[in-house]
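Bear in mind these aren't lab numbers, they're just calculated from the coordinates by the rules spelled out. As the structure is a computational prediction, the values presented were derived from the model and not from experiment. Note: ideal-geometry Cβ built from the backbone for every residue, glycine included; neighbour counts use all protein chains shown.
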Amino acid sequence: MKWTQALATGHELIDEQHRGLFHCLEELETATTEQRTLLAVYSITRLKHYVREHFETEEAVMKQCKFPKFKEHIAEHENFRTKMAALQGKAVILDVSAEMVEFLADWLINHVAESDLEYAPYLRK
Ligand SMILES: [Fe+2]
């Protein structure tokens, strides 16, 4: 799945980071399909760092615009951070599966398409 304008939050930096996340996912999916394990491990590690940086940006922005579901959103991020760290721990011992990649892609795409779009109206207030 590609990032499209329909997923835009209207926040320049966040949207740029979302595009970067989708790009990372695409790279990871290609590496997995082509069974290039080392590249997949590298992509997962890069994705983990990228996700961490992106969540920090998003959390600061949500706090600033007083998004009412701030706490719930942070909890979603927290769960994913834990899950992502566990999967990356598996990846570095070259245990990368298609299910793992599918989970990461599904979670991130759904999160951007559903949870992230919920704070978009507050950015414009
Ligand atoms: Fe988010």
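Each 10 Å bin from zero holds the following percent of Cα-Cα pairs in segment 27-72: 26, 30, 21, 19, 3. Here's the list of lysines a cross-link from Lys48 could span, going by alpha-carbon distance under 21 Å and ignoring same-chain residues fewer than 8 apart: Lys2, Lys83, Lys90. Stretching the chain fully between Ala120 and His23 yields a gain of 32.8 nm (0.36 nm per residue, less the alpha carbon separation). Spin-label model, Glu99/Lys2: points 7 Å from Cα along the beta carbon direction are separated by 3.2 nm.
Please tell me the relative contact order of the chain in percent, rounded to the nearest whole number, where contacts are Cα pairs under 8 Å and at least six residues apart.
Numbers: 87 pairs, mean separation 46.7, N = 125.
Across the chain, relative contact order equals 37 percent.
Think of it as helices only: each DSSP H run of n ≥ 4 in the chain is worth -39500 (n - 2.57), and spread over all residues that comes to -25000 deg cm²/dmol at 222 nm.
With a Förster radius of 30 Å applied to the beta-carbon distance between Trp107 and Glu16, the computed FRET efficiency rounds to 0.90.
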